[in-house]
Amino acid sequence: MIAIIDYGMGNLYSLSRALDPMGSSVQVISDPQEIQQADGVILPGIGAFGSGMKALKEQGWVDVIKEVALKRETPLLGICLGMQLLFSGSEEHGYHQGLNLFAGHAVRFKEDQQIPHMGWNGLRFKGPHRLLQGVGEGRVYFAHSYHVLADNPEDVLAVTNYGGPVTAIVGRNNLFGMQFHPGKSGETGRRLLERFVALCEERVTVG
């Protein structure tokens, strides 16, 4: 079962619709305890970083997300704001601490760039990775004003170009993040979601 976390800050409909044809059971969950039954977890997100972390804390998500991600090693995918929340923090509207599953923080695009970075842009893979297997370097759909600076370059699986390289996909062990919206990103987004689902299924088979 793939669980999509509903904490009030995600476009859950397009993501659920994109995942439905992929064979796995997909459930949108609003009770943190339901995450324990998940074989894979997706943390979506639209909006400000501080508001996102406030919602996760107030609704009791922080500890259970860390438990399933770090102790149970359940595959976890953060999307858009959800990816940024996986990092140490963000400078959006003052500094806010994140889930700290990846080292690094989100910063605003430079003032000489058009903000937000919105629309279709290409991916460039940094090297082979199991999440990227069978996925081409296609174009995907972005909508964000802040971007992640990862402390560990090896965590960055793919970048896009927007006045320079911008982190687009991150991954380490069972943890993954996509700055763009895969559910709105055509064939490339579909293949990436399929790969995440496949990794969740592999974990179940091995377990």
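For the reader, a short list of remarks on this structure follows.
- Residue among I79, I46, I115 with the largest mean-square fluctuation in a Gaussian network model of the chain, springs linking Cα atoms under 10 Å: I115
- The calculated FRET efficiency for the pair R17 and W120, based on their C-beta separation and a Förster distance of 22 Å, comes to about 0.70.
- Choice from F196, F87, F125 showing the highest fluctuation, given a GNM over the chain with Cα pairs closer than 10 Å: F125
- Pairs of lysines in the chain whose Cα atoms sit within less than 24 Å of one another amount to 6, provided the residues are eight or more positions apart or on different chains.
- Estimated purely from DSSP H runs of n ≥ 4, each contributing -39500 (n - 2.57), the mean residue ellipticity at 222 nm for the chain is -7000 deg cm²/dmol once divided by its residues.
- When the square roots of the Cα gyration tensor eigenvalues are ordered a ≥ b ≥ c, the ratio a/c for the stretch 56-138 is 1.5 or more and a/b does not exceed b/c, which makes its shape oblate.
- Once both labels are positioned 7 Å from their Cα atoms along Cα-to-Cβ, the gap between V107 and R130 label points is 3.3 nm.
- The charge dipole of the chain, taken about its Cα centre with unit charges on the Cβ atoms of Lys, Arg (+1), Asp and Glu (-1) only, comes to about 360 debye.
- Residue (of L132, G177, P116) at the positive-pole extreme of the stretch 111-179, dipole from beta-carbon charges: L132
- Overall form of the stretch 54-207 per C-alpha gyration tensor (a/c, 1.5; a/b vs b/c): oblate
- ³J(HN,Hα), Karplus 6.51/-1.76/1.60, whole Hz, each residue of the stretch 53-62, x for Gly, Pro: 5, 4, 5, 4, 5, 5, 8, x, 8, 4
- Gyration tensor verdict on the stretch 1-106 (Cα atoms; rounded if a/c is under 1.5, prolate if a/b is larger than b/c, oblate otherwise): prolate
Every read-out reported here was derived from the displayed coordinates using simple, explicitly stated rules and does not represent laboratory data. From a predicted model like this one, the values you see are computed outputs, not experimental measurements. Here the Cβ is made from the backbone with ideal geometry for all residues, glycine too, and neighbour counts use every protein chain on show.
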